[in-house]
Amino acid sequence: MHTENTYEFGLVGLGVMGRNFILNVAENGFSAQGYDLMPEKAEALREEGVSIGKIAATSDLNEFVSSLSRPRKIMLLVPAGKIVDQVIEDLLPKLEEGDLLIDGGNSHFQDTDRREAYLKSKGIFFIGAGVSGGAEGARKGPSIMPGGAAEVYPHIQPIFEAVAAKYQGAPCVAYLGPGSAGNYVKMVHNGIEYGLMQLTVECYQLLAALGGLTNTALSEVFGRWNQGRLESFLIEISSVIFSQKDALETGDLIDKILDKAKQKGTGKWTSQNGMDLGIPVPTIDTAVSMRAMSALKTDRETADKMYEKPRRTLVEAAELESACEPAMYFAFVMTYAQGLHQLAEASREYGYGLNLATISEIWRAGCIIRARVLDDIATAYREQPELPHLLLSGAFVHTISACVPAARIVLQHAIGNGIPMPALAASLSYFDAFTTGRLPMNLIQAQRDYFGSHTYQRTDRDGIFHTEW
């Protein structure tokens, strides 16, 4: 039997993420008690934790809560949405003033604000903490993005810093800001993740279709890229995926996987909120749309038979690879730039006080979007804390300018051969628009004034004008 007030940390939800996270906590020296409604999950944790010690698990909620030292620190790793609210309601009668609940799931930031206000009225502290890194990250060190009341974070800080991934010795966790700041940053992190993944698959298709690269060759290409400036988690795992053999029959596993990509909503939320804030994030928007497009499998197969495609002109593999590498780097930077621009505007709109250098730093290890370029991005924001946009950093002008021609060449190959690369196209159009001093939106304003008397401003004098067309 347990002793009351024994365990320093509690975790609700012993699925793969939760089990791995609490094992990480115990392995770093903090006694921990896990809870799950399903007794078999509690038993699985007990068995796995034997070798570590300092860990227990139960499917009895009363036992779970009473076993935790006060003030209690309880983290929820359950699916976002109504389940989080239900767990909170189940716990509330058993908690005491000053206890702390931490939501480690991908909750919508507005839900986090609502829950924090509700729990505050009950005398309970609340932190919304984004956790990135998947199951392996949870076990070996994730990137953690906590937000909430500044005076509350120190209660959980030692545990979070111990379990987080380390980059050159520094933990990839930091207090990010009040309220829903942590969940908001994690949402945008996931939006960036959508963009990077879509860009990766577009280059994969081009290299295979026009360069004739086999899966083995693709694995080698992505492996080489991961040794250079494209070094990142997504490039690394892509190299591994291309080399994976199918366990069920002969051949490569990648060729047997259905081309319908699912999503859990965080990319869509990023896109939707970008529009609410008036911040363009077209690479992310496109990535979300392409997941929806992929779901139209039957219609796509029908249309594939109805419409004639261009006769494809193969490109020498080495030539295509040498163009794709800078094009990918360019588009990766555009995706980070869009996400960070959205974070900057959200920080002003919602009063988060976000530090973009710190955010870039805690993304350098542990999380899904970790990449070598984030070190350069963090440096740019450290040197210019008020930098309005990453493309306005002098540190990136030369590098990006050198990559743009390759992005244009890659898109010419793709468009001429009927190969969709919408995320790369969106990235390049974003760059071209952002670096164009005068866009043709004067015509839109004239049209709006023509049909709706919406007025316009002039370039040569102040004031608001309307014309009787």
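The values are calculated or read from the model by the stated rules, or taken from the named source; none is laboratory data. It should be emphasised that the depicted structure is a prediction, and the values quoted were computed from it without experimental measurement. Glycine also receives a Cβ, built like all others from the backbone with ideal geometry; neighbour counts cover every protein chain displayed.
From the list 336, 352, which one is over 25 Å from residue 150 (Cα atoms) and not polar (S, T, N, Q)?
336
Report, by residue number, each residue of segment 263-298 that is in contact with a helix residue (DSSP H, G or I) (Cβ under 7 Å, 6 or more places away or on another chain) and not in a helix (DSSP H, G or I).
Once the filter is applied, which keeps residues that are in contact with a helix residue (DSSP H, G or I) (Cβ under 7 Å, 6 or more places away or on another chain) and not in a helix (DSSP H, G or I), segment 263-298 yields 263, 279, 280, 281.
Which of (1) hydrophobic (A, V, I, L, M, F, W, C); (2) free of Cβ contacts under 8 Å to residues at least 12 places away in the same chain; (3) under 25 Å from residue 225 (Cβ atoms) is the odd one out, the single condition residue 392 does not satisfy?
Condition not satisfied by residue 392: (3).
I want to confirm something. Restricting to segment 23-43 and keeping residues that are part of a helix (DSSP H, G or I) and touching a residue at least 40 places away in the same chain (Cβ under 8 Å), which single residue is farthest from residue 156 (Cα to Cα)? Talk me through it step by step, then tell me what you get.
Of all residues in segment 23-43, those part of a helix (DSSP H, G or I) come to 23-27, 39-43.
With the extra rule that they be touching a residue at least 40 places away in the same chain (Cβ under 8 Å), the set shrinks to 23-25.
Working: 23: 16, 24: 15, 25: 11 Å.
Across segment 23-43, the extreme among qualifying residues is 23.
When you scan segment 332-340, do you find a residue that is in contact with a Lys or Arg (Cβ under 6 Å, 6 or more places away or on another chain) and either outside any loop (DSSP other than H, G, I, E, B) or among the aromatic types (Phe, Trp, Tyr) (or both), even just one?
no
Just to be sure, is residue 241 buried (at least 16 other Cβ atoms within 10 Å of the Cβ), of a type in the set (A, V, I, L, M), in the same structural domain as residue 315 (by TED's automatic domain parsing) and modelled with pLDDT of 95 or more?
Against the criterion (buried (at least 16 other Cβ atoms within 10 Å of the Cβ), of a type in the set (A, V, I, L, M), in the same structural domain as residue 315 (by TED's automatic domain parsing) and modelled with pLDDT of 95 or more), residue 241 qualifies.
Of the residues 305, 309, 297, which is of a type in the set (D, E, K, R) and in contact with an Asp or Glu (Cβ under 9 Å, 6 or more places away or on another chain)?
When all the criteria are applied, what remains is 297.
List every residue pair whose Cβ atoms sit under 6 Å apart, with the two residues 6 or more apart in sequence or on different chains, where the first one lies in segment 107-118 and is within 16 Å of residue 269 (Cβ to Cβ) and the second, anywhere, is hydroxyl-bearing (Ser, Thr, Tyr) and buried (at least 24 other Cβ atoms within 10 Å of the Cβ).
Short answer, once both residue conditions are applied: 109/180; 109/184; 112/180; 113/180.
Restricting to segment 179-208, and then to whatever is at negative phi and small (Gly, Ala, Ser), can you tell me which residue is nearest to the chain's Cα centre (by Cα)?
191
Within the group 319, 345, 301, 325, which residue is acidic (Asp, Glu), farther than 26 Å from residue 232 by Cβ and assigned to a helix (DSSP H, G or I)? Give the steps one after another, and end with the answer.
Values: 319 fails: farther than 26 Å from residue 232 by Cβ; 345 fails: farther than 26 Å from residue 232 by Cβ; 325 fails: farther than 26 Å from residue 232 by Cβ.
After applying the criteria, what remains is 301.
Taking the residues in segment 84-106 that are in a helix (DSSP H, G or I) and not acidic (Asp, Glu) as candidates, determine which candidate is surrounded by the fewest Cβ atoms within 10 Å (Cβ to Cβ).
93
Does residue 63 fit the bill of being touching a Pro at 6+ places or on another chain (Cβ under 8 Å) and over 25 Å from residue 132 (Cα atoms)? Talk me through it step by step, then tell me what you get.
Working: touching a Pro at 6+ places or on another chain (Cβ under 8 Å): no; over 25 Å from residue 132 (Cα atoms): yes.
Considered against the rule, which asks whether it is touching a Pro at 6+ places or on another chain (Cβ under 8 Å) and over 25 Å from residue 132 (Cα atoms), residue 63 comes out as no.
Condition first: surrounded by fewer than 24 Cβ atoms within 10 Å (Cβ to Cβ) and closer than 17 Å to residue 164 by Cβ. Now tell me which residues in segment 107-150 satisfy that.
Within segment 107-150, 134, 135, 136, 139, 140, 141 qualify.
Quick check on segment 265-279: of everything there that is among the small types (Gly, Ala, Ser) and under 14 Å from residue 344 (Cβ atoms), which residue is surrounded by the fewest Cβ atoms within 10 Å (Cβ to Cβ)?
278
Restricting to segment 209-240, and then to whatever is β-branched (Val, Ile, Thr) and closer than 21 Å to residue 318 by Cα, can you tell me which residue is nearest to the chain's Cα centre (by Cα)?
235
Residues that are in the same structural domain as residue 265 (by TED's automatic domain parsing) and in contact with a helix residue (DSSP H, G or I) (Cβ under 6 Å, 6 or more places away or on another chain): list the helices (runs of 4 or more DSSP H) wholly contained in segment 127-229 that include at least 1 such residues.
Passing ranges, in order: 181-209, 215-225.
Regarding segment 44-64, can at least one residue be identified that is touching a Ser or Thr at 6+ places or on another chain (Cβ under 6 Å), of a type in the set (Gly, Ala, Ser) and outside any loop (DSSP other than H, G, I, E, B)?
no
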